[in-house]
Amino acid sequence: MNKSHWRAACYCGAASLLCSAAPRGFMHCHCGQCRRLSGAAFSSWLSLPAEDVQIEGQAALREYTPTANGQRFFCARCGSHLYTVDARMPEIIGVPAGALLSAEAGGPAVEDWPSASGHYFCSDGAPWVALPGDKLPRRGGADGMSPLPD
């Protein structure tokens, strides 16, 4: 895997990030916060090692703190969500998969993407969508992480 090509950018290009290391994980989140922030049934997240992430255009970003632990960073010009940090996991930067650039634009090749580890916060999922039949583990309950029956 080419470790130096994980690139993400806001829509207008005012802010971007580059990671020089392999991702630590990839997951789909169905919580209400992710749904409202993305406008979709769920958000897909790539977890990158914070020590290897470089942010460019930080001055263009604004911070939103939806919880005591979470901070989300958005472009002030175009509104794109570029990354998230969580005080409980300071070693990780969460990047919405939709912000990652394609291979043609300097991002990862399809074969370099890690497999998703599962669907999380499924108990909070949108009532108007069925979970995909991808056979990934489903997690939910009060903590969003407890195994759910198949």
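Values quoted throughout were computed directly from the atomic coordinates according to the rules given, and no laboratory measurement underlies them. All values reported here derive from a predicted model rather than from experimental measurement. Using ideal geometry, Cβ is built from the backbone for each residue, glycine included, and neighbour counts are taken over all protein chains shown.
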Return the whole-Å distance between the Cα centroid of the stretch 76-122 and the Cα centroid of the stretch 1-75.
-> 5 Å
Residues in the stretch 76-97 reached by a label modelled at L136 [backbone nitrogen below 20 Å; 7 Å Cα→Cβ] | 81-86, 92-97
Applying the gyration tensor rule to the Cα atoms of the stretch 1-101 (axes a ≥ b ≥ c; rounded if a/c under 1.5, else prolate if a/b exceeds b/c, else oblate), the class is rounded
Please work out how much length the chain gains when fully extended from L101 to D52, using 0.36 nm per residue of separation minus the C-alpha to C-alpha distance, in nm with one decimal.
-> 15.9 nm
Mind checking the full-extension length gain between Q71 and W128? Use 0.36 nm per residue of separation minus the Cα-Cα distance, one decimal, nm.
-> 17.7 nm
Considering the chain as a Gaussian network with a 10 Å cut-off on Cα pairs, which listed residue, P23, P49, P66, attains the greatest mean-square fluctuation?
-> P66
